[in-house]
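One structure is given below, encoded as C-alpha cells.
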Amino acid sequence: MKAFVTGITGQDGSYLAELLLSKGYKVYGVVRRSSSENYDRIAHIRDRIQLLQADLLDQVSLSQALAYSMPDEIYNLAAQSFVPTSWAQPVLTAEFTGTGVTRMLEAVRTTCPKAKFYQASSSEMFGKVQETPQNELTRFYPRSPYGVAKTYGHYITVNYRESYGLHAVSGILFNHESPRRGLEFVTRKITNGVARIKLGLDREIRLGNLDAKRDWGFAGDYVKAMWLMVQNQKPTDYVVATGVAHSVRDFAKIAFATVGLNWENFVVSDQAFMRPAEVELLLGNPGRAEKELGWKQETSFEKMIELMVQADLKRHSV
Ligand code: NAP
Ligand code: GDD
C-alpha cells in the first residue's frame, strides 16, 4: 500500500508517517520549498520515507506529486493551523486551509480518483458551540478565519464525495497535543515554559484566557483514528475527542505540579494573547468513532502533560 501525506513535517504528519511505516506502507510526504530544511519531526524516519516537493497553493505541483506516487490513500494534513495567525493573515489562511483542500481534491479527482482521501477537519468549526458535547450532527459556528476556512474545507470534501463518488472522509478532530506540538500552541507553550522555569532559564509564562476549555487528547492516539476512518468501507465523517474538557488554568496547574511548583507563582496574565473572538469551550462526543471504528483514547490527559514536560526538560538540559 502507498500513502501520500501532506503536512508530513507537522506534528500529526510525523506521527501518522510512523504509524503507516509500522503497517508496511510506502510513505510519500509533501514538503514545500524553503531556504532551509524544516525536517526535525521526521529526522528519525527520513531515510524510510520519500519526500516530494509540492505546495497547497500550486495545483500543478499537487497533481504532479500524485501522478508520480499514485497512492492508495491520501491524508491532507497540511494547513496554516495556528488560530491567531488567521486574523493576521486571513486571505493566506483561506488559500492554504480552505481552497488548498479543493486543489487537493481536484488533483485526486483528475489523477487517482480511486484513492481514499482523508481531510483534517477541526473542532474549531464548532466555535461558538451550539450544543454540548459536540457530535457529528452539531451545527458549525466558526469563530476565526481559520475556523471558517476549515469549514469550507470540510464541506468541499463532503461535496466531492457526493458529486464524484470519491472515497473522501473528514475527521473532526478535537485538540491533540504531544512533545512535537508547535511552541506557540498553549499546551506546549506551558510545558516548555515549565521546563525552562524549573531549570532557571525563565521566570514566568505570559498567557491569555485561562478560562478557555478544550478537550485535549494525545496526537499519537489521534492519527490511529485517521487511519481507521480511511479503512472504513463507507466513507463517513467522525468526531475524535476524549469526552473530557479542561481549562487552560487546569493544564498549567498540572504541568507545574509535575515538577513540584505552584503555577500561581509563575503565570502572568497578558492581554496580548487574548483573541478578537474566543472559543470558550470545546467538548467532543467520540461515541460514534468508538462504536463504529473501535477507536479509543489510550493516553490520559495527565500522562500526556507529563510526557510533554519531561521531553521539554530533556531538551533544555542538553
Ligand atoms: P502543524 O504542526 O501546524 O503542521 C502543518 C503542516 O502543514 C506542516 O507540515 C506545514 O509545513 C504544512 N503546510 C502548511 N502550509 C502548507 C502549504 N502551503 N503547502 C504544503 N504544506 C503546507 O499542524 P498539526 O497540528 O500537525 O495539524 C495537522 C492538521 O490537522 C492541520 O490541517 C490542522 O489544521 C488540523 N487539525 C489539528 C488539530 C490539532 O489539535 N493539532 C486539531 C484539528 C485539526 P511546514 O513545516 O513547511 O510549515
Ligand atoms: N496559543 C495560545 N497562547 N493560546 C492561549 C494562550 C496563549 O498564550 N493563553 C490562553 N490561550 C487559549 C486560547 O485563547 C484558546 O482558547 C486555547 O488556549 C487553545 O489555544 P491553542 O493551543 O492556540 O489552540 P486552538 O484551540 O486555538 O487551536 C488548535 O486546536 C484546533 C482544534 O480545536 C489548533 O491545533 C488548530 O489547528 C485546531 O484545529
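Can you tell me which of 36-48, 304-316 comes out highest on packing, and rank the rest after it, using the mean Cβ neighbours within 10 Å?
304-316, 36-48
Sticking with the crude label model, points 7 Å out along Cα→Cβ, report the distance from residue 92 to residue 21 in nm, one decimal please.
3.0
Using the scaling law 2.2 N^0.38 Å as the reference, what is the normalised Cα Rg of segment 15-83?
Taking N as the residue count of segment 15-83, the ratio is 1.13.
Output wanted: per-residue J couplings in Hz (rounded whole) for segment 76-88, from phi through Karplus 6.51 cos²θ - 1.76 cosθ + 1.60, θ = phi - 60°, x for Gly and Pro.
9, 9, 5, 5, 7, 9, 9, 4, x, 4, 6, 7, 6
For segment 1-116, what value does the Rg/Rh ratio take when both radii are computed over Cα atoms and Rh is the Kirkwood radius, given to two decimals?
0.96
Straight-line reach from residue 23: which aspartates and glutamates fall under 17 Å, measuring Cα to Cα and dropping same-chain residues less than 8 apart?
12, 47, 72, 73, 221
In whole percent, and with a 1.4 Å probe on the protein chains, what portion of the accessible area of the chain is carbon and sulfur?
49
What residue among 134, 178, 107 has its Cα farthest toward the positive end of the dipole of segment 44-196, where the charges are +1 on Lys, Arg and -1 on Asp, Glu, each on the Cβ?
So the residue we want is 178.
If you consider only alpha-carbon coordinates, what radius of gyration and Dmax does segment 107-249 have, in Å?
17.7, 58
Averaging the inverse of every distinct alpha carbon separation and then flipping it gives the Kirkwood radius. What is it for segment 196-261, in angstrom units?
14.9
Compute the whole-percent fraction of alpha carbon pairs in the chain spaced more than 38 Å apart.
In whole percent, the share of Cα-Cα pairs in the chain beyond 38 Å is 11.
Where Lys and Arg each count +1 and Asp and Glu each count -1, what net charge lies around residue 22 among other residues with Cβ under 12 Å from its Cβ?
Net of charged neighbours comes to +2.
Take the eigenvalues of the Cα gyration tensor for segment 58-162, scale each by 5, and report the square roots as semi-axes in whole Å, largest first.
So the three semi-axes of segment 58-162 are 26, 17, 9 Å.
Suppose R0 equals 30 Å; then what is the FRET efficiency for residue 110 and residue 1 from their Cβ-Cβ distance, rounded to the nearest 0.05?
Result of the calculation: an efficiency of 0.85.
Over all pairs of distinct alpha carbons, what does the Kirkwood formula give as the hydrodynamic radius of segment 200-318, in Å?
Across segment 200-318, the inverse of the average 1/r is 16.5 Å.
For a Förster distance of 41 Å, can you work out the FRET efficiency between the beta-carbons of residue 275 and residue 60, rounded to the nearest 0.05?
0.70
Given the pairs 128/234; 234/296; 150/189; 116/189, which span a C-alpha to C-alpha distance of over 26 angstrom in this model?
128/234; 116/189, as the Cα separations exceed 26 Å there.
When averaged across all projection directions, what area in nm² does the alpha-carbon convex hull of segment 166-223 cover?
5.5
The values are calculated or read from the model by the stated rules, or taken from the named source; none is laboratory data. Nothing here was measured: the structure is a model prediction, and the numbers come from that model. We place every Cβ from the backbone using ideal geometry, glycine too, and count neighbours over all the protein chains shown. Note: accessible area is taken over every heavy atom of the protein model, side chains too, but ligands, DNA and RNA are not part of it. Shrake-Rupley method; radii C 1.70, N 1.55, O 1.52, S 1.80 Å.
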